[in-house]
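See below for the structure under consideration.
The values are calculated or read from the model by the stated rules, or taken from the named source; none is laboratory data. Only a predicted model underlies this, so the values are computations on that prediction, with no experimental measurement involved. Here the Cβ positions follow ideal geometry from the backbone for every residue, glycine too, while neighbour counts run over all protein chains shown.
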Amino acid sequence: MHTKSTLLFTLVALGSLSACSPPTPSDNTATSTTPPAAVKPATKQMHSSWDVDSDGINDCEKDGSCDHSIDYTQPRPVTTSSCNHAEGSIEQLVCTTPELTTLDKHLNDIYSAASAKTVNEQATRLSAEQHGWVKGRDECWKADDKTVCVKTEYARRISELQAAYQLVEHIGPIRFECNSSPTNQLIATFYQSDIPTLIAKYGDSESLMYSVVAASGAKYEGRNESFWEHQGEARVVWGYNTPEFVCKKAEQ
């Protein structure tokens, strides 16, 4: 009698564990009776991107989303892995549009490469910025052409990470002397990102700009800055509603 009770308890326990296991493909292979590995707890070895608020506790432990299949020592992926999203949401659009799904995977790879180059506060900041970007991307639901809006957001974010973390080839830094003053310099580095980008430093500030179509030369535009170079001379706007000034490539 004792043996039957023990056997029944064992079968019930295994059944409970199986219910928590991820589903297996429906084929003719035998189902493994090996219980799944335990959920990985947050440890000192977890990647900081899993701890957005920097309190030493994995975010998944707070919302109950911890998953034994995830390696928490690796950067947190920012991707849309399931199509179980609200109808009409941007997440659903990304998940059901092959071109956007491919961009999402590409961004996830770029983000992981960038994360690998960060430590401590840098990693936390990158993770927070990425989640902020996701919220901004989701604002595309307001756009007339949501697909074009989302594509643009992905392309710009991918290029931004490629440049900011030097994940692609670049030219520079190149010095430009502005307003005919050798001490008034702009330092520019050009990146061969998905959208060609420029990171310029002027004074104590820095701006990332994206390549745009120009009648001649090379033109880049950022949030409140622009840089238009032609034959070694650049017309620069630095700051909102500020006058344009001229910079010339300095002799090396």
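Summary of computed values
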{"read-out": "Qualifying positions in the stretch 222-238 - assigned to a strand (DSSP E or B) and surrounded by 17 or more Cβ atoms within 10 Å (Cβ to Cβ)", "value": "E225, S226, F227, W228, E229, A234, V236, V237, W238"}
{"read-out": "Test for S180: is it over 19 Å from the mean Cα position of the chain (by Cα), at positive phi and not hydrophobic (A, V, I, L, M, F, W, C)", "value": "yes"}
{"read-out": "Complete set of residues in the stretch 224-247 that are modelled with pLDDT under 95 and touching a Ser or Thr at 6+ places or on another chain (Cβ under 8 Å)", "value": "H230"}
{"read-out": "Residue in the stretch 184-205 that is surrounded by the fewest Cβ atoms within 10 Å (Cβ to Cβ), counting only those that are farther than 12 Å from A234 by Cβ and within 20 Å of the chain's Cα centre (by Cα)", "value": "Q192"}
